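First the structure, in the form of structure tokens, and then the observations on it.
All of the numbers you see were taken from the coordinates with simple rules; none came from a lab. Values in this document were obtained by computation on a predicted structure and should not be read as measured data. Backbone-built Cβ (ideal geometry, glycine too); neighbour counts: all protein chains shown.
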Amino acid sequence: ESQLDVQRIRADFPILHQVDEEQHPLVYLDNGASSQRPNSVIQCLSNVYEKHYANVHRGAHRLSGESTDLFEEARRAVQQFIGAAFENEVIFTSGTTMGINLVARSWGDANVTAGDEILLTEMEHHSNLVPWQQLAQRTGAKIRAIPVTADGQLDLDSLSVLLTERTKIVALAAVSNVLGTINPVAEIAKEAHAVGAKVMVDAAQAVPHEAIDVGGWDADFVAFSGHKMLGPSGVGVLYGKHALLEEMPPFLGGGSMIDVVEIDRFTPAMLPAKFEAGTPPIADAIAMKPAIEYLEQVGLARILQHEQSLAAYAHELLADVPGLKILGPDVSKKAGIVSFVIDGLAASDVATFLDGRGIAVREGHHCTLPLHKKLGISASVRASFYLYNTREEVEKLADAVRTTVEFFG
Ligand code: PMP
């Protein structure tokens, strides 16, 4: 049973209170793709634009000072939220994708050469695959992958073979966006570090749902997105260990990231400006603070517990739908993500049918083509829960799925 007062939480999220043309209330179960945001975040955005907005770190004028202060306050909120030791270990990016590309380009080009190995996992999102493939193409490094077991977990036994002194970096998701699997990041990081490899954590599906501590993980780099954690779209965070960020060359060049520029050369700025070229997503970064405050006020432990209880309920209700198979590990080992396939039914037909009843789910390969290939399927349907979802919504999902099967069957 959940410990959250979900009705009270829902009152804070204006978008959830709409109905479609046929008067179906919105059942928003696509939180893995993007969450919705509470009034405090929406109001913060309009408040910034109404009262405090100017470019940051530039002008001598009052508004620029105000927006810079708010921007740096948000950085400190993120720092404290993820347990980073220093505020300049927090780089504002446009999202998870940008953070991973930054590391693959900046750290990767400087540290990876032909014959080196990059260790990924078979359950990675394309944004934690393609930047490493591009790095391998540029350098001649080799990609390896930790296999996914039949029950949707990482095959940790393979680490003793896959991790060698050739491994330069291990890049893995903390939580799978399809299977919901919660991966043992700290354990893998320990083994990776033992062979001298660095660790990049794709925390896009973890930071919104569980209290994370980058120090406890001992991760070298961690990337996540604002839009999946009640914050705005267009902003994300890259955490990196201070010593590593210090020695890395800048990724994007432009304004703000320099110390001195001459016509044919530049010297980079100090952290974090070195990695924040150009005008950042100012209001969006500022609104990360109320998003974090909201999550902390409700409590990450209670949020995860709530989502897991909804996932368990979904497993229970979907269990006897004919031909339906849920992907991933036992419900006790995963986050609030329930992906499934139904024999003889296209995922897109299922999702369209659900949409006709006001239920928003995602269908397709969820940017994990290699994982879907491994599972022997081309697409799946994904319901992903968050703090504002209810047991009644899970019941509506299960009823609608059952009706879909009857309709097409
Ligand atoms: N990694 C994972 C595990 C994700 O679920 C997502 C979002 N679908 C991303 C990376 C990419 O995040 P973004 O699109 O915000 O850059």
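Fewest-first ordering of 5, 349, 264 by other beta carbons within 10 Å of each residue's beta carbon gives 264, 5, 349. Per-residue extension of 0.36 nm, minus the Cα-Cα distance of residue 369 and residue 213, leaves a gain of 53.2 nm for this segment.
Take the Cα of residue 330, step 7 Å toward its Cβ, do the same at residue 43, and the gap between the two points is 4.5 nm. Among 51, 241, a tally of other beta-carbon atoms within 10 Å of each Cβ gives an order, fewest to most, of 51, 241. Calculated [222 nm] ellipticity per residue, helices only, for the chain: -10500 deg cm²/dmol; basis is -39500 (n - 2.57) per DSSP H run with n ≥ 4, divided by all residues, nearest 500. Taking every alpha-carbon pair in the stretch 250-409 and binning the separations at 10 Å intervals from zero gives 9, 28, 23, 17, 14, 7, 2, 0 percent. Approximating the spin labels as points 7 Å out from Cα along Cα→Cβ, the residue 360-to-residue 296 distance works out to 2.8 nm. Remark: the chain carries a charge dipole of roughly 580 debye about the Cα centre, counting +1 on each Lys and Arg Cβ and -1 on each Asp and Glu Cβ. Extension gain for the segment residue 80 to residue 190, taken as residue separation times 0.36 nm less the Cα-Cα distance, is 37.3 nm to one decimal.
Note on 193, 17, 57: ascending count of other Cβ atoms within 10 Å places them as 17, 193, 57, the fewest first. When the pairs 289/333; 198/373; 142/325; 228/396 are compared against a 26 Å limit on Cα-Cα distance, 289/333; 198/373; 142/325 fall above it.
When exposed loop sites are taken as GluC sites (Glu not before Pro) in a DSSP loop with at most 13 other Cβ atoms within 10 Å, the longest stretch of the chain clear of them is 166-409. Looking at the chain, the pairs of alpha carbons with a distance over 32 Å make up 38% of the total. Residues of the stretch 106-122 with an amide N closer than 15 Å to a point placed 7 Å from the Cα of residue 247 along the Cα-to-Cβ direction: 106-113. When restricted to Cα atoms, the stretch 130-203 yields an Rg and a Dmax of 12.4, 35 Å, respectively. Which residue, 126, 114, 161, has the largest displacement toward the positive end of the dipole of the stretch 104-171 when charges sit on each Cβ (Lys, Arg +1; Asp, Glu -1)? Projecting each Cα onto the dipole axis, the largest value belongs to 114. Between 265, 302, 138, the Gaussian network model of the chain with springs among Cα atoms under 10 angstrom shows the greatest mean-square fluctuation at 265.
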